[in-house]
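Notes follow once the structure below has been shown.
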Amino acid sequence: MEQPRPPGMEQLRPTSADGTVVHGWVRGTGRAVLIANGLGSGAAAWPAVVGEDTGYRAAGWHYRGLAGSPRPRDERHISVDHHVDDAVAVMDAADMSRALVVAWSVGVNVAFELALRHPDRVAGILAVSGVPGGTFGAMFAPARLPTPMRHGVGVAAARVLRGVGPALGAVSRRVEPTPQLVRRLARLGVVDRAVDVETMRATLDGFARHDFRWYFTLALGIARHRAMDLHDFPVPTLFVTGRKDMLASADDVAKAAAAVPGAELEVVAGTHYLPLEQPELVRELLSQLAARCAV
């Protein structure tokens, strides 16, 4: 099911390298920005980047089989390499020869592989709440699981959730994402209390529409993407992570930043949902990155 379309957003329907049609979008004017989103998120997650008056021409897409993007004919085509092909197709459709890449969560995997395969297309990367490869191994740090166990626990959990996907979807569609629900999530520490309630509510509403069996199938595809060798990574990079992130631990993000030559790191108050909790900080960091890059 497609997510609601904000005013002024142009829809893109490019064909990826394997013939899969991708549901993409582009909005705004200014510096070119490609958004490699978190799995299941849309343009609404980036209120300070996607808009008519942000100073950016932002493009992005919905992952294969989510929010209007068709599934691939071969349902094994859900690796990070396939998502990179989708990113290139979206850039071509949006007439972006080169762009800053803003990546969130699992999108960080896509952004770094895109830069390695097509360094001429990527001016710089703002990596938000994610690590370049080994995503499941960075989960569950607050639960004090030993690092070697985290990947296996994450994969096992995703398999269970894939199995109960239809029931999970039925429940999520019955739960109205009210401001009260958002505040309750903040009290539980799932999101930071600084989150904009209406933006988070709209994001939850879009997320609840997904086919969760397929969603966790995609997650398992991304789980196969192992940690990357980044000792000579070719583009400027800025990492930002939240101290209370349960899905990509701040320690693991710091290790990733230390492995990238010249990378900068910002550790801030917040959780995994920094684009929604601190949109103006994201905008400021993107401006700092843009100043370092020839866009």
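Miscellaneous remarks
- Extreme residue, positive dipole direction of the chain, given options G30, G189, S172 (C-beta unit charges): S172
- Short-range pairs are left out: with C-alpha atoms under 8 Å and at least six residues apart, the relative contact order of the chain is 21 percent.
- Site pair V164 and V190 shows an inter-label distance of 1.4 nm when each label is modelled 7 Å from Cα along Cα→Cβ.
- The mean sequence separation of alpha-carbon pairs under 8 Å and at least six residues apart, normalised by the residue count of region 1-122, gives a relative contact order of 30 percent.
- Dipole axis of the chain (+1 Lys, Arg; -1 Asp, Glu on Cβ), positive-most option in G262, G40, L230: G40
- FRET E, pair R73, S172, Förster distance 22 Å, beta-carbon r, rounded to 0.05: 0.20
- Using 0.36 nm per residue and subtracting the Cα-Cα separation, the extra length available between M246 and E264 on full extension is 4.3 nm.
- Relative contact order (%) - criterion: Cα under 8 Å, at least six apart; region: region 159-261: 30
- Between D205 and L181, full extension at 0.36 nm per residue minus the direct alpha carbon distance yields a gain of 7.5 nm.
- Carbon + sulfur, % of accessible area of the chain - ligands and nucleic acids excluded, 1.4 Å: 53
- For the chain, the average shadow cast by the Cα convex hull is 13.6 nm², which is a quarter of the hull's surface.
- Computed E for A17/T147 - FRET, C-beta separation, R0 30 angstrom, nearest 0.05: 0.30
- Computed with a 1.4 Å probe over protein heavy atoms only, the accessible surface of the chain comes to 43 Å² per residue.
- Accessible-area rank, largest first, for R64, R162, R226: R226, R162, R64, with all protein chains present and a 1.4 angstrom probe.
- L220 versus Q288: modelled label distance in nm, points set 7 Å from Cα along the beta carbon direction: 4.0
- Close amide H partners of I35, meaning residues 5 or more places away or on another chain with modelled amide H under 5 Å apart, are A59, G60, V102.
The values are calculated or read from the model by the stated rules, or taken from the named source; none is laboratory data. Bear in mind the structure is a predicted one, so any value in this text is a computation, not a measurement. Positions of Cβ are backbone-derived with ideal geometry, glycine not excepted, and every protein chain shown enters the neighbour counts. The accessibility values were calculated without ligands, DNA or RNA, using every heavy atom of the protein model including side chains. Shrake-Rupley method; radii C 1.70, N 1.55, O 1.52, S 1.80 Å.
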